[in-house]
Each structure stands twice: as C-alpha cells, then as structure tokens.
1. Considering each residue of region 111-141, count those that are part of a helix (DSSP H, G or I) and under 21 Å from Ala41 (Cα atoms), and give that number.
2. Pick out the one residue from Leu126, Leu114, Leu101 that is surrounded by 14 or more Cβ atoms within 10 Å (Cβ to Cβ), over 25 Å from Gly171 (Cα atoms), of a type in the set (A, V, I, L, M, F, W, C) and at pLDDT 95 or above.
3. Which pairs do you get when a residue that is closer than 9 Å to Ser12 by Cα and away from ligand 1 (no atom under 11 Å from the Cβ), found in region 105-130, comes within reach of a residue that is of a type in the set (D, E, K, R) and part of a strand (DSSP E or B), reach meaning Cβ atoms under 7 angstrom, with the pair 6+ apart or on two chains?
4. Of the residues Lys26, Lys52, Lys20, only one is charged (D, E, K, R) and either over 26 Å from Asp187 (Cα atoms) or crowded, with 19+ Cβ neighbours inside 10 Å (or both); which?
5. Anything in region 143-168 that is in a helix (DSSP H, G or I), surrounded by 14 or more Cβ atoms within 10 Å (Cβ to Cβ) and within 16 Å of the chain's Cα centre (by Cα)? List them, or say none.
6. Could you tell me which residue of region 159-190 is farthest from Leu6 (Cα to Cα), considering only residues that are touching a helix residue (DSSP H, G or I) at 6+ places or on another chain (Cβ under 9 Å) and of a type in the set (Val, Ile, Thr)?
7. Could you grab me the full set of residues in region 86-110 that are part of a helix (DSSP H, G or I) and either touching a helix residue (DSSP H, G or I) at 6+ places or on another chain (Cβ under 6 Å) or among the charged types (D, E, K, R) (or both)?
8. So, in region 140-190, of the ones that are small (Gly, Ala, Ser) and touching a residue at least 40 places away in the same chain (Cβ under 8 Å), which residue ends up nearest to Val122 (Cα to Cα)?
Amino acid sequence: MLNLILFGPPGSGKGTQSEKIIQKYKLVHISTGDLLREEVANQTELGMKAKKIMDSGELVSDRIVIGMIRKKLEEHRAGPGFIFDGFPRTVAQARELRKALTDYDEEISVMISLDVPREELVKRLLNRGKETGRTDDNLETINNRIDVYEKQTIPVAHYYDKMRKYVPVDGMGSIDAIFKRIVKVIDQVK
Ligand code: AP5
Ligand code: MG
C-alpha cells in the first residue's frame, strides 16, 4: 500500500495538494485538522474542548488525535492506502503512527515536505481567513501556529529523515507546478 505523509507549516498547501493527490492516486485522505473542525461543527464534547486550543494555535493533545487516527486506520484497513495531512505533528504522534501501521503490517512510504517561507505562509493564511472565515486565520494565531510548528513539529521531519523517508519539495509557485514536483516523488516510491 502507498502511505504518504504530506508535511509542512500552516499554509504550505497540504490541504490543496492532498485534493489533487487523492484524485490521481485514489488514496484515503486523513486530515486531523479537518476531523477536528468536524467535531467543532457538530459541537461534540471533544469539539468544544478542541476549539479553544485550535483558536489559540496550540496543539490538541496527542491522545485525542491518535484516537481519531486509529479509528480511521481501522475503517480503511483493506486499502487503498493513506495520505496523512497535518499529522503526525509531534514525535510522540509519529511513534504511535508507526505502531498502529505495524499492527496492519504497513508502513509510511514517504514523507513529502512542502517548503514555503514564513512571509508567504502569513500572506496565504490571511487571505484564506478573509475568504473562508476560518477562525484560526488571524495574524496572532497564524504566528503562534508557525512558532508551534517550528518548536514541536519540525522534529518529526528529523524522525523520518533518519529513516531516509523525508523528501523536501519546493512549495512555491503555481499549484500545478508544485503538484508535478510531488507526483515525481510519489512515482519514484510507488
Ligand atoms: P490544520 O487544519 O492541520 O492546519 P494547519 O497545519 O495550520 O495548516 P493549514 O490547513 O492552515 O494549511 P495547509 O498546509 O493545509 O494549506 P492550504 O492548502 O489550506 O490544523 C489546525 C489546528 O488543528 C492546529 O492548529 C491544531 O490546533 C489542531 N490540530 C490539527 N492536527 C493536529 C495534530 N495532528 N495534533 C495536534 N493538534 C492538531 O493552503 C492555504 C491557503 O493558501 C489556501 O487559501 C490555498 O488556496 C492557498 N494556496 C495553496 N497553495 C498555493 C500556492 N501554490 N500559491 C498560492 N496560494 C496557495
Ligand atoms: Mg489544511
């Protein structure tokens, strides 16, 4: 099975590129951010707890996120494979993912990391905030999300780099140009 991690800071294009990847490769898309926003929209207990944390730009607890992931893995254990978007975001999450996939005799094929400079991230997210009203797309929360990414999430890239699974991709340019770069990487590991 093909199991991809699409990695990168907030606003690097993980959601945008995931849509194109699932169309071409027919993978199951798991975005922990989308799953959490669904809980918020449904006003579940989990959603109410998560909303405050998400609006501040901090990370929701590993336990909650891993619980959601395990459920999705079980639902789609027969295939065709996964694209993980916005997960894992801590080394603890990466270790848990490895354990969970091992239970199904699976592993991560590759981590594709989108490189985008901070000024561009802020520009894209402020713009998305205006267009969609996503409540964490305001300057203060955007800056905190990027700081949290640098502190807590970058170590996840090192974790996969040690296993020779980390592949950086230039995340600047048109959406189609970036997609072509991603396809090149996927077709090499497939
Ligand atoms: P999450 O939903 O994962 O948000 P994020 O990481 O902050 O990333 P974004 O969704 O903002 O960016 P993206 O990379 O998907 O970019 P997009 O394609 O949308 O997480 C939200 C919160 O949930 C977290 O802060 C945390 O609290 C919690 N959470 C989620 N997962 C968690 C986990 N595993 N553990 C703990 N907590 C977790 O693009 C951005 C914009 O740019 C769009 O408007 C798009 O149209 C535009 N754009 C895309 N590509 C281009 C391009 N090439 N050129 C110009 N514009 C572009
Ligand atoms: Mg996203």
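The values are calculated or read from the model by the stated rules, or taken from the named source; none is laboratory data. A quick note: this is a predicted structure, and the numbers were derived from the prediction, not measured. Note that we place each Cβ from the backbone using ideal geometry, even for glycine, and neighbour counts take in every protein chain shown.
1. 7
2. So the residue among Leu126, Leu114, Leu101 that is surrounded by 14 or more Cβ atoms within 10 Å (Cβ to Cβ), over 25 Å from Gly171 (Cα atoms), of a type in the set (A, V, I, L, M, F, W, C) and at pLDDT 95 or above is Leu101.
3. Between residues of region 105-130 that are closer than 9 Å to Ser12 by Cα and away from ligand 1 (no atom under 11 Å from the Cβ) and residues that are of a type in the set (D, E, K, R) and part of a strand (DSSP E or B), the close pairs are Asp115/Asp170.
4. Testing whether each residue is charged (D, E, K, R) and either over 26 Å from Asp187 (Cα atoms) or crowded, with 19+ Cβ neighbours inside 10 Å (or both) leaves just Lys52.
5. Once the filter is applied, which keeps residues that are in a helix (DSSP H, G or I), surrounded by 14 or more Cβ atoms within 10 Å (Cβ to Cβ) and within 16 Å of the chain's Cα centre (by Cα), region 143-168 yields Arg145, Ile146, Val148, Tyr149, Gln152, Thr153, Val156, Ala157, Tyr159, Tyr160.
6. Checking each candidate, the answer is Ile175.
7. Residues satisfying the conditions are Val91, Ala92, Gln93, Ala94, Arg95, Glu96, Arg98, Lys99, Ala100, Asp103.
8. Among them, the one singled out is Gly171.
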